[in-house]
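Mind looking over this structure? Questions follow.
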Amino acid sequence: MDAEGMRVDLLEDTLDRLERDGRRPKFIYTVPSFQNPAGVTMSLARRKRLVEVAAERELLVLEDNPYGLLRYEGEAPEPLYGLDGGVYVMYLGTFSKILSPGIRLGWVVAPPPVLEKINLGKQEADLCTSTLSQLMVQAYFELSDWREYVRSLTAIYRGRRDAMLAAMAEHFPSQAEWTHPAGGLFIWATLPDFIDTDDLLVRALRDNVAFVPGSGAYLDGRGHNSMRLNFSGSDEERIREGVRRIGEAIREQLELYGTLTGEFKAVPVEGAEADAGQTDPGAGARVVELRRREGRPRRAGGA
Amino acid sequence: MSRVAVLKGGRSLERQVSLRSGARVEAAIKRLGHEVVPIDVGVDLIERLRAESPDVCFVALHGRDGEDGTVQELLEILDLPYTGSGVPACARAMDKVLTKHMLLEAGVPTPEFFAFTQMAFRELGAAEALPIIEERLDFPIVVKPSSQGSALGIKFARSAADVPAALVSAFSYDARVLLERHVKGRDLAVSVLDGDGGPRALPVVEAVPREEDFYDFEARYEIGRTEFVCPAELPGAVAERAAELALATYGILGLHGFGRVDLMLDEADELYVLEANPIPGLTDTSLLPMAAEAADIGFDELVGRILELALARAAAAPA
């Protein structure tokens, strides 16, 4: 993945390798718009290529688009579903991000044979979603000006995103890099390699501020010096204060590292702008061998 | 029948383990025929304890607050009997640096180490001393925060280049960290349980990494990558010596009721004490219950005995 979203060339390499190993993937999962956690959006060229790859190899693609309507600037690229015409692409939408987080209701658009299977699986899993909440949501979208409500949401989130980006430019050291999302809810920041964000989080928690450490976004130990920052839930003032505290914790660690090595100084950012989209939020795609569960996980109670 | 408050959870980094320990202890206390008052430790702790007025508190907390003497101090103030070690023993055991100094003074072997505060690096130029330390300890070096439980914040420096980042990580957890010589060998734990005849060492548990020739210190603590063997397959003399060192450590720190001492056995069959835990885990995968089981002491009996010890200590204390 990079600033243009999924690296489809690396996807193809991975699919080739899987084919050589005699393994067939069930489907390709992707959040093409404002990806979680990186916040980046797949370019139109990549989308077109992904759809081609799916058709060439007769593979299903699951396009998960929970954040697509929360766009703060620019034009939305065509969804994969539209490009593919609904042959290999299944599309997922949710009301959680545009109506109410607690509503836990979404929709699926998929080729009819796939939809049939999904219906069957869903019935088996939860005996169908509550009809009452489905009817309420249906009535809401029929009777209200939902587009206006989404516009008001995007205005709020745009302000919060801008507050967070501005606060990061002010309080994060110049050695940090981060994405500049055009929508969605997340910013992905990458710090110097010697900072472990799992440990930094413990330090930040002492100041009552939290973020998601980057290691949580990988299965193979990468992302240890990255973090996901979410600007959806707090107002602008709290965002500014939270970022200030995280920035201070980072600066403290940079300074300590500097005194330990004598080679690395914390440099305050002066009038610098958040570096838009230049960041590579993670090296290329790799197949991660998932450890098979072997009975009950064992762990000492610690303490 | 007694009314037993089980203190669990709290805000420490080991909250989840504590909740599991607490739940298992509660079930055992019920089976023993007592009344259980579960308390997730928070700002209303004093208020809850006053309102519930239990006969005794089972402290199933791990890490900060619960294991470092803080909660015990509050229980002393409220004059409530509680399980496990008292305030000074908890304070000593949770401080790895103090523990190691006390062990060395008493002649109990512990790996060579140096400890520093963040201030020492910032204001006293302690970084200048790092090359000397590195030479004295030899690589690999273990870097750990002085006061954390579990393996939290522990890093493994393979060369001088790894040391600064390891220190930065460890200082995220505590203002004081130690650099310790790595003892290559087997990872042992000896649990100690008090009884009529005084404290007794339970069978040794060994943590065995599942993958051969793996040398990844951090992975050792990952779920599923370590297997626990109890009783550990050791020559009789080594097992006896481990028990002896564990009991000595228990006594030196002044622990009470129960505890767990972690040791390393090197390739020359020398044993070193790493640390002691005043409230080791009590979950269904924890080492103390496992060791008790190996000594034919079931979990209910274990919990029952810990409660009796708490009540006996309270009865013996001057009013």
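Which residue, B:VAL183, B:LEU271, B:VAL4, has the largest displacement toward the positive end of the dipole of the protein assembly as shown when charges sit on each Cβ (Lys, Arg +1; Asp, Glu -1)?
B:VAL4
Positive end of the charge dipole of region A:113-201 (Lys, Arg +1 and Asp, Glu -1 on Cβ, about the Cα centre): tell me which of A:ALA166, A:LEU185, A:GLN138 has its Cα farthest that way.
Result: A:GLN138.
Taking amide H atoms as placed 1.01 Å from N in the peptide plane, list the residues 5 or more away in sequence, or in a different chain, whose amide H sits under 5 Å from that of B:HIS182.
Hits under the 5 Å cutoff: B:VAL142.
Where nothing but the Cβ of Lys and Arg (+1) and of Asp and Glu (-1) is charged, how large is the charge dipole of chain B around its Cα centre, in debye to the nearest 20? Mind showing how you got there, number by number?
Working: 31 positive and 51 negative charges, 145 e Å.
About 700 debye.
Here's another thing I want to ask about it. Could you count how many Lys pairs in the protein assembly as shown have their Cα atoms under 21 Å apart, skipping same-chain pairs fewer than 8 positions apart?
Close lysine pairs under the 21 Å cut-off: 13.
Over region B:126-181, what is the relative contact order in percent, taking alpha-carbon pairs closer than 8 angstrom and at least six residues apart?
Working: 85 pairs, mean separation 22.8, N = 56.
Once normalised by length, the contact order is 41 percent.
What does the charge count near B:LEU311 come to, summing +1 for each Lys or Arg and -1 for each Asp or Glu among other residues with Cβ under 15 Å from its Cβ? Mind dumping the intermediate values first?
Working: positive: B:ARG3, B:ARG305, B:ARG313; negative: B:GLU35, B:ASP55, B:ASP79, B:ASP194, B:ASP196, B:GLU308.
Result for the neighbourhood of B:LEU311: -3.
May I ask which residue of B:VAL192, B:ALA51, B:PHE113 lies farthest towards the positive end of the charge dipole of chain B, with charges of +1 (Lys, Arg) and -1 (Asp, Glu) on Cβ and the Cα centre as origin?
Selected residue: B:ALA51.
What does DSSP give for chain A in terms of the percent of beta bridges that are antiparallel, rounded to the nearest 5?
Numbers: 15 of 23 bridges.
If we restrict to bridges inside chain A, about 65 percent are antiparallel.
If you don't mind, there's one more thing I want to ask. Based on Cβ point charges of +1 for Lys and Arg and -1 for Asp and Glu, what charge dipole magnitude is obtained for region A:97-245 about its Cα centre, in debye rounded to the nearest 20? Provide the component values of the computation, followed by the final result.
On the way: 17 positive and 19 negative charges, 36 e Å.
Once rounded to the nearest 20, the dipole reads 180 debye.
Specify, per residue and in Å³, the volume enclosed by the convex hull of the alpha carbon atoms belonging to the protein assembly as shown. Present the calculation step by step, with values, prior to reporting the outcome.
Numbers: hull volume 127.4 nm³, N = 622.
Measuring per residue, one finds 205 Å³ for the Cα hull of the protein assembly as shown.
For an R0 of 60 angstrom, estimate the FRET efficiency from the Cβ-Cβ distance between B:ILE46 and B:ALA294 and round to the nearest 0.05.
Working: r = 39 Å, r/R0 = 0.65.
Between B:ILE46 and B:ALA294 the formula returns 0.95.
Which of rounded, prolate or oblate describes region B:106-182 when judged by the alpha-carbon gyration tensor and an a/c cut-off of 1.5? Before the final figure, lay out the partial values.
Numbers: a/c = 1.26, a/b = 1.07, b/c = 1.18.
Judged from the Cα gyration tensor, region B:106-182 comes out rounded (a/c under 1.5).
Assign unit charges at the C-beta atoms only (+1 for Lys and Arg, -1 for Asp and Glu), then state the dipole size of region A:68-140 relative to its Cα centre in Debye, rounded to the nearest 20. Let's see the in-between values first.
Values: 5 positive and 7 negative charges, 50 e Å.
It works out to roughly 240 debye.
Determine the relative contact order of region A:1-107: mean sequence separation of Cα pairs under 8 Å and six or more apart, normalised by residue count, in whole percent. Spell out each step's value before the answer.
Values: 140 pairs, mean separation 26.0, N = 107.
Averaging sequence separation for qualifying contacts and normalising by length gives 24 percent for region A:1-107.
Is there a simple number for the mean count of other chain Cβ atoms within 10 Å of the Cβ of residues in A:166-176, and what is it?
Working: counts 0, 0, 0, 0, 0, 0, 0, 0, 0, 0, 0.
Rounded to a whole number, the mean comes out at 0.
What does the C-alpha gyration tensor say about the overall shape of region A:28-170? Classify as rounded when a/c is under 1.5, otherwise prolate if a/b is larger than b/c, or oblate. All intermediate terms of the calculation are to be shown ahead of the outcome.
Working: a/c = 2.11, a/b = 1.14, b/c = 1.85.
Oblate, because a/c is 1.5 or more while a/b does not exceed b/c.
How large is the helix-only mean residue ellipticity at 222 nm for chain B, computed as the sum of -39500 (n - 2.57) over DSSP H runs with n ≥ 4, divided by its residue count, in deg cm²/dmol to the nearest 500?
One gets -11000 deg cm²/dmol as the mean residue ellipticity at 222 nm.
Most mobile of B:PRO81, B:PRO131, B:PRO140 per a Gaussian network model of chain B (Cα springs, under 10 Å)?
Checking each option, the largest mean-square fluctuation is seen for B:PRO131.
Given a cut-off of under 8 Å on Cα pairs at least six residues apart, what relative contact order in percent is computed for region A:172-235? Provide the component values of the computation, followed by the final result.
Values: 94 pairs, mean separation 21.8, N = 64.
Relative contact order for region A:172-235 comes out at 34 percent.
So for the protein assembly as shown: antiparallel DSSP bridges make up what percent, rounded to the nearest 5?
Working: 52 of 71 bridges.
Of the beta bridges lying entirely in the protein assembly as shown, close to 75 percent run antiparallel.
Cβ under 11 Å from A:TYR29's Cβ, A:TYR29 left aside: what net charge do those residues give with Lys, Arg +1 and Asp, Glu -1?
Working: positive: A:LYS26; negative: A:GLU63, A:ASP64.
For residues surrounding A:TYR29, the net value is -1.
Can you tally the net charge around B:LEU234? Count Lys and Arg as +1, Asp and Glu as -1, for every other residue whose Cβ sits under 10 Å from the Cβ of B:LEU234. It would help to have the intermediate numbers written out before the result.
On the way: positive: B:ARG186, B:ARG241; negative: B:GLU206, B:GLU233, B:GLU240, B:ASP269.
For residues surrounding B:LEU234, the net value is -2.
Helix-only mean residue ellipticity at 222 nm, chain A, DSSP H runs n ≥ 4 weighted -39,500 (n - 2.57), per residue, nearest 500. What is it? Walk me through the intermediate numbers first.
On the way: 8 runs with 121 residues, N = 303.
One gets -13000 deg cm²/dmol as the mean residue ellipticity at 222 nm.
Each reported figure results from applying straightforward, stated rules to the coordinates on display, with no laboratory input. The structure displayed is predicted, hence computed values, not measured ones. Counting neighbours? That spans all protein chains shown, and the Cβs are built from the backbone with ideal geometry, glycine included.
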